[in-house]
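Here's the structure, in structure tokens; my notes come after.
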Amino acid sequence: MILGTAGHIDHGKTTLVRALTGVDTDRLPEEKRRGITIDLGFAPLTLEGIGTLGVVDVPGHEAFVRTMVAGATGIDLALLVVAADEGVMPQTREHLAILSLLGVSSGVVALTKSDLVDAEWLALVDEDVRATLAPTPLAGAAIVPVSATSGAGLEALRAALAAAARAIPTRSGDDIFRLPIDRAFTVKGTGTVVTGTVWSGALSRDATVRLLPADQAVRVRGLHAHGHAVERVQAGDRAALALAGVDLDQVARGAVLVQGSAWQATRVLRADVALLADAPRALGPRSRVRLHLGTSDVSARLVVPGGTLAPGGRASARIVLDERIVARAGDRFVLRSASPMATMGGGVVLDPLAPLRARAWPAVDRTPAVLLARVGEEGGAAGVQLGELPVRLGVSPSRAAELVDGFGAWRVGDRLVGVEARSALAADAVQMLERFHAEHPLEPGAPLQWLRSRLRAPEEVSAALLPALARDGGVVVEQGLVRLTGFAPRLDAGQDLLRASMLSALEAAGQEPPPLDELAASLGVAAPVVASMARLLAREGTLVAIEPTRYYHAGTVDALVARLRGGMHPEADYGPAELRELLGFSRKYLIPFLEFTDRAGHTLRDASGRRRRGGS
């Protein structure tokens with residue numbers, strides 16, 4: 001579990017953490033010199049009955065609010081620090097707003113420096129704090145006066161923190177691993193070390209992880225949690241990871257360590273967004289803000305229906321980022337303006353892998369089942385990759401599998417295609433076959449690959465569709481062709497006349513028939529029509545294709561084969577000249593015909609020539 005501090009500058013956050021944990025989280029020389037926290041600090045806090053919490057100490061100065069957001073994102077429990085001698089201050093309110101935007105609803109308030117004020121003043125500050133908390137998720141949080149210097153109230157604060165921690169559900173370990181990096185440094189003899197809070201899943205030493213957004217594979221050579229070497233870390237742990245295969249300049253705050261193929265870096269998000277009532281200005285499609293998610297801090301634009309989101313407003317939006325980040329459905333983020341520096345609002349990610357031109361989703365039920373239906377519908381014939389669902393739905397892999405089982409969609413390999421998309425794709429296939437049959441009435445069917453290539457779907461989806469339609473009885477697939485059930489080539493009066501003319505011409509031509517284009521010209525018919533008719537007659541067995549563009553009358557072929565086999569002795573080899581004399585062919589016709597007899601199994605060609613195959 002992670003405890004994060006919050007509060008105005010110089011209200012004693014770091015001093016209080018040191019009093020509770022014994023660890024000085026101000027580690028930088030500049031922090032020591034100036035007496036303020038500039039970067040994130042970390043310490044372990046042991047609470048009776050709870051165990052060890054990871055403490056994230058954040059800066060309170062307004063110039064470092066972006067660093068505060070990086071530390072506050074992912075915490076389970078807030079420790080809001082308010083100095084009793086000053087009370088609620090501007091950064092107190094901004095930090096409270098950030099905690100609310102990040103969905104932090106559990107916490108304790110420490111009234112520090114309580115030894116510097118009298119009881120009456122302390123009561124007034126307590127009342128002011130309660131009024132400030134009233135409209136926030138921390139309304140009703142315990143308020144404990146303390147003095148870090150004298151130690152007064154520290155045990156009561158520990159007890160209050162333990163009570164609050166006890167009420168927070170334990171994070172599930174049944175999830176995919178993610179750790180946003182908040183620090184990176186080198187240790188002599190160890191190499192590159194990164195730290196962060198484990199947001200989800202678990203990780204063991206010597207595991208291989210992916211570093212995003214660079215998408216680089218690295219090995220975890222060592223793990224530490226709360227300052228001790230461990231074999232495994234899990235969700236809610238503060239962890240330090242020694243990495244092999246990566247240099248320090250390749251990792252920085254904002255990078256993320258993940259496991260599994262579900263995670264992808266993205267530049268477009270769909271999200272529900274809300275602006276604070278006191279946001280300094282409205283946001284339009286050209287407005288630039290800083291989006292803080294996890295430890296990432298990137299420039300972004302919001303595109304909302306209506307074009308503008310006013311202070312106090314809420315809307316579903318498309319967020320276009322200048323740089324790629326790692327996000328998941330359900331992640332919370334904060335929006336800040338650069339000039340003036342102020343917290344504008346925040347929101348919840350709905351679709352972390354939205355298409356580039358994605359439209360905002362209407363504000364309806366945001367359950368994982370509804371999100372699954374939306375991403376499935378939007379994926380169309382391409383569907384959605386099953387492996388992406390834990391990230392796109394914000395659920396564990398086991399929960400994603402349950403949702404898929406109840407979704408009633410069509411599974412194709414590792415894709416999930418919605419029922420409506422499958423129906424639309426099937427309708428497209430049927431329409432294409434109808435057009436093909438109308439345009440090629442003599443063909444027995446369309447080539448499978450021809451139809452697949454024209455369906456607007458990935459190859460694996462189109463390849464799976466046609467067998468599925470065949471099982472449903474809508475089409476027939478055989479010998480590399482597909483046709484509508486019930487379709488058969490039927491000749492009209494004109495085609496009957498053409499059939500008779502072609503058969504007559506080819507029978508008259510005997511063993512030296514013209515190629516199809518010459519035959520078409522002699523009959524005054526288009527060459528493609530003659531070619532279709534020839535293929536039909538070949539399927540009937542009336543013609544035989546000796547070459548792709550030269551067909552013989554079947555009776556002529558039978559007579560030539562009989563002459564060939566009758567003139568060849570079974571034990572003798574024959575050369576082309578002998579066979580030409582036997583058949584009475586010119587060489588132009590001889591070789592193609594002999595190649596046909598080889599294919600048909602009448603003759604066998606070897607190094608000595610050709611011999612007759614089979615019996616008499």
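What to note about this one:
- Placing a pseudo-label 7 Å from each Cα along the Cα-to-Cβ vector at S204 and D492 gives an inter-label distance of 7.3 nm.
- The equivalent ellipsoid of region 172-330 has semi-axes of 34, 15, 14 Å, largest first, where each one is the square root of 5 times an eigenvalue of the Cα gyration tensor.
- Carbon/sulfur fraction of accessible area - the chain, other protein chains in place, 1.4 Å, %: 51
- Contour excess over end-to-end distance, with Cα ends at A277 and D414 and 0.36 nm allotted per residue: 44.8 nm
- Fraction of the pair-distance distribution of region 461-570 above 16 Å, Cα-Cα pairs, percent: 66
- For the chain, relative contact order (Cα pairs under 8 Å, six or more residues apart, normalised by length) works out to 8 percent.
- Using the Cα coordinates of region 262-405, the gyration tensor eigenvalues translate into equivalent-ellipsoid semi-axes of 27, 15, 13 Å, sorted from longest to shortest.
- Where T92, T190, T170, T556 fall by accessible area, highest first, once all protein chains stay in place (1.4 Å): T170, T190, T556, T92
- Here the gap between L523 and S423, fully extended at 0.36 nm per residue and compared with their Cα-Cα distance, gives a gain of 31.5 nm.
- Theoretical ellipticity at 222 nm over the chain - DSSP helices of four or more residues, -39500 (n - 2.57) apiece, nearest 500: -10000 deg cm²/dmol
- For q = 0.15, 0.17, 0.20 Å⁻¹, Debye-computed log10 I/I(0) when each Cα of region 163-258 counts as one equal scatterer: -0.53, -0.68, -0.92
- Note that region 9-23 has calculated 3J(HN,Hα) couplings of 4, 6, 8, x, 4, 5, 5, 5, 4, 5, 5, 7, 10, x, 10 Hz, one per residue in order, obtained from phi through the Karplus relation 6.51 cos²θ - 1.76 cosθ + 1.60 (θ = phi - 60°); glycine and proline are x.
- Centroid-to-centroid separation of region 256-296 and region 314-387 [C-alpha atoms, Å]: 8
The values are calculated or read from the model by the stated rules, or taken from the named source; none is laboratory data. These figures come from a predicted structure and were not determined experimentally. Please note: Cβ atoms are built from the backbone with ideal geometry, for glycine as well, and neighbour counts cover all protein chains shown. Calculation scope for accessible area: heavy atoms of the full protein, side chains included, ligands and nucleic acids excluded. Shrake-Rupley method; radii C 1.70, N 1.55, O 1.52, S 1.80 Å.
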